[in-house]
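For reference, the structure is listed below as structure tokens.
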Amino acid sequence: MLDSRSMPFAPSPGTHHNLKRGFVLATWFAFLTVLATPVAYYRVFTGFRFWDDEGALMASVNQLLHGLRPYQDVFASYGPAYYLYAWGLRFLTGTAVTHDAVRLSTLIPWLATPLLLAWIVLRETRSLALATVGHLLTVFSLGFIAHEPGHPQELGVMLLAAYFAGGFLIDLPPHRTTGLILVGGLAAALGLVKTNIGIFVVLGAAIPLVSALPVRAFQRIALCSAVAAGLALPVLLMRVHFDDLQTVTFCVCVMTGVAGCVWVLLDRERQPELCFRDASMALATFAAVLAATLGIMLAFGISFEKILFSLVLRHVQVNVLSRAWYSPMALRSGWIPWTVACLGLAIFVMRLPRASRAPIVAAAQLFFGVGVIFFFGVGVIFWRLPIFWRLPQTPGFAAGLCWLALLPPNEDSQTSRLGRGILCVATVLHLLVAYPIAGSQYDVACTPLSVIALICLGDSLAYARGHWIALPHWSPRTVTAAALALTICAYAGLIVMRRRTYESLPPLGMPGALRVHAEPQQVEDYHWVVSQVRQYCDTFIGYPGVPSFHFWSGIEPPGRLNLDDWMLALNDEEQRAVVRDLERFPNACVIHNPDNVRFWLRAGQPASLFPLANYLMTEFKPVSQIHNYYLMVRKNRDWPPARDQK
């Protein structure tokens, strides 16, 4: 299956064959993209999530398009690269900020990311079949995009895939400069989308790149600092929740995963592969992107204090120091001895001679590859079945074994050491995206694991082909053709299933959301809310916020509010500012949903803790209701209004 002489990606002597091979590959992956398009389309337009991150992000982008400055004039919790990307999409397409336009735009990262990750698998395994499986698994895993369309994490996962691809270019001498520039620039861009991801990928690149430098005093100091930061980061992030065994388990899994990768990177006898000029090139690109972005924001009158508070200090307060916003990854404590044993295996294997450790590594790679594809792939496809909710979570199984991808069958080859090093270390650290909330962030965190699993599977089969007597007699072309045919069938089945689900639901039927189909009760509830606020309110606020109601009703929120979780995101002074603005409207209303409040305030905080929530619950009264949605008006307001009494 992995015989390079029989694979479409195999080296060929003539330019004609290279062009033909490239054309065949481009055509095949274009065909896969065509198949993936309706899968993503029907998925993203099916359903509406009640927490409405979609509407909150749309509101902030819409304010930007109307000339308001993020961080300075309105609340913004994500980096400037995200807002620039969202603004560029609307500017280049000439579309307004609507649910239909935003959801159509999500197809860009949903279709581009699988291509980038499939290219990495193809390059490392020389197997079109494994690359195709990687494409399919990535399309499945990106289903989280449909939960929060327009969220920065969809841009983040696309940039992350490009960052990994840049890492593999570093190992190609003609493209080394391009790869270093991409890794440095994309690490900065990821930090300018979400600060935490930027920290993860910076450390994920620093450890492998510094380990490849000539051994000098500066190199030792830099390497020790990077490794210490990578090991300490999980502890610093999670220490406030160490009374929860699930969080302790998650922390241990990430730490042992990083330690295993570092041990393999440092224990291999190799000549330096980079010079200090190479490292400075990546560092200079990183610094230049950050400095240019900061300079542009300062030029637009956004103060440095506002930038620092919005992008760093506020997140530290809410996500690191506070216990209020927390939903842990459901990892069982049994994964602690497992990951420690995986680290012990790494230490044991690297102490063996190369010839002795090769069969052990190949067997472990096969076990790891099959295990991740089972837990990750099958769990994604059949997530609705109760049995799969009880399966061990993928990070517990995979984090401690990612180092296996750093040991290809031919260890004398320098082809992919740096690319694989960046992929493995950054992927393990990227798992921390699922803290403190393991909702859709869990799928974001796990997406790169399928690439490592497929690379390990390819390495294992490559070793077996040279050492297992029966395997060389298999026909690689037959196996590849069967895998490709099964993938086409899987895509065809997905298209049919997604379309049936989409067409079984009624259209939402709201302005700018005509393509969206949602659950019947949601459609009824949302139409009732919009009709009520249009009829009785001069402004309104949700408790918690549902910013999409403002798009559908055409009524502006008070205080430029653009949030769903304003209870947690805004500090006391910011909430009082909204109260002062709300007092200007005699016919202001509140849309209150107690169930949704409990979703956000998971620690059971009372309304009295939040100035704005306390004001809403003491100054307003409920007057009408549909299911769990209550319309509330001021207590001194006559109800029903005089016009309704006639």
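The values are calculated or read from the model by the stated rules, or taken from the named source; none is laboratory data. As the structure is a computational prediction, the values presented were derived from the model and not from experiment. Here the Cβ is made from the backbone with ideal geometry for all residues, glycine too, and neighbour counts use every protein chain on show. Quick note on the areas: whole protein, heavy atoms, side chains included, nothing else; ligands and nucleic acids left out. Shrake-Rupley method; radii C 1.70, N 1.55, O 1.52, S 1.80 Å.
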* Filtering region 600-614 down to residues that are in contact (Cβ under 8 Å) with a residue 40 or more places away in the chain and open to solvent by 30 Å² or more (accessible area, probe 1.4 Å), which residue is nearest to residue 577 (Cα to Cα)? -> 605
* Structure fact -> For residue 188, the lone unmet condition from (1) over 22 Å from residue 407 (Cβ atoms); (2) touching a helix residue (DSSP H, G or I) at 6+ places or on another chain (Cβ under 9 Å); (3) open to solvent by 20 Å² or more (accessible area, probe 1.4 Å); (4) aliphatic (A, V, I, L, M) is (3)
* Asked: When you go through 202, 254, 262, 235 one by one, which is the residue that is in contact with a helix residue (DSSP H, G or I) (Cβ under 9 Å, 6 or more places away or on another chain) and surrounded by fewer than 18 Cβ atoms within 10 Å (Cβ to Cβ)?
  -> 235
* Asked: Would you call residue 351 closer than 19 Å to residue 260 by Cβ, open to solvent by less than 50 Å² (accessible area, probe 1.4 Å) and among the basic types (Lys, Arg)?
  -> no
* Asked: For region 85-110, how many residues are in a helix (DSSP H, G or I) and closer than 17 Å to residue 59 by Cβ?
  -> 11
* Asked: So, of the residues in region 267-288 that are open to solvent by less than 50 Å² (accessible area, probe 1.4 Å), part of a loop (DSSP other than H, G, I, E, B) and within 19 Å of residue 203 (Cα to Cα), which turns out to be modelled with the highest pLDDT?
  -> 274
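Among the residues of region 552-561, is there at least one that is under 30 Å from the mean Cα position of the chain (by Cα), small (Gly, Ala, Ser) and open to solvent by less than 20 Å² (accessible area, probe 1.4 Å)?
Here is the first cut: in region 552-561, the ones under 30 Å from the mean Cα position of the chain (by Cα) are 552, 557, 560-561.
Filter once more, keeping what is small (Gly, Ala, Ser): none.
No, because not a single residue in region 552-561 is under 30 Å from the mean Cα position of the chain (by Cα), small (Gly, Ala, Ser) and open to solvent by less than 20 Å² (accessible area, probe 1.4 Å).
Just for helices (runs of 4 or more DSSP H) wholly inside region 365-456: which have at least 2 residues that are modelled with pLDDT of 90 or more? Steps first, please.
Working: elements: 386-389, 394-398, 417-430, 440-446.
Those helices (runs of 4 or more DSSP H) span 394-398, 417-430, 440-446.
Quick check: anything in region 88-103 open to solvent by 10 Å² or more (accessible area, probe 1.4 Å) and aromatic (Phe, Trp, Tyr)?
yes
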* Name the helices (runs of 4 or more DSSP H) wholly inside region 167-265 in which the number of residues that are over 24 Å from residue 155 (Cβ atoms) and small (Gly, Ala, Ser) is 3 or more. => 217-238
* Structure fact -> Residues of region 615-646 being small (Gly, Ala, Ser) and in contact (Cβ under 8 Å) with a residue 12 or more places away in the chain, in sequence order, are 624
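Can we say residue 293 is hydroxyl-bearing (Ser, Thr, Tyr), crowded, with 19+ Cβ neighbours inside 10 Å and touching a Pro at 6+ places or on another chain (Cβ under 6 Å)? I'd like the intermediate steps shown before the answer.
Numbers: hydroxyl-bearing (Ser, Thr, Tyr): yes; crowded, with 19+ Cβ neighbours inside 10 Å: yes; touching a Pro at 6+ places or on another chain (Cβ under 6 Å): yes.
Yes; evaluated as a whole, the condition is true for this residue.
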* Asked: Quick check: is even one residue across region 577-596 crowded, with 19+ Cβ neighbours inside 10 Å, in a helix (DSSP H, G or I) and touching a strand residue (DSSP E or B) at 6+ places or on another chain (Cβ under 8 Å)?
  -> yes
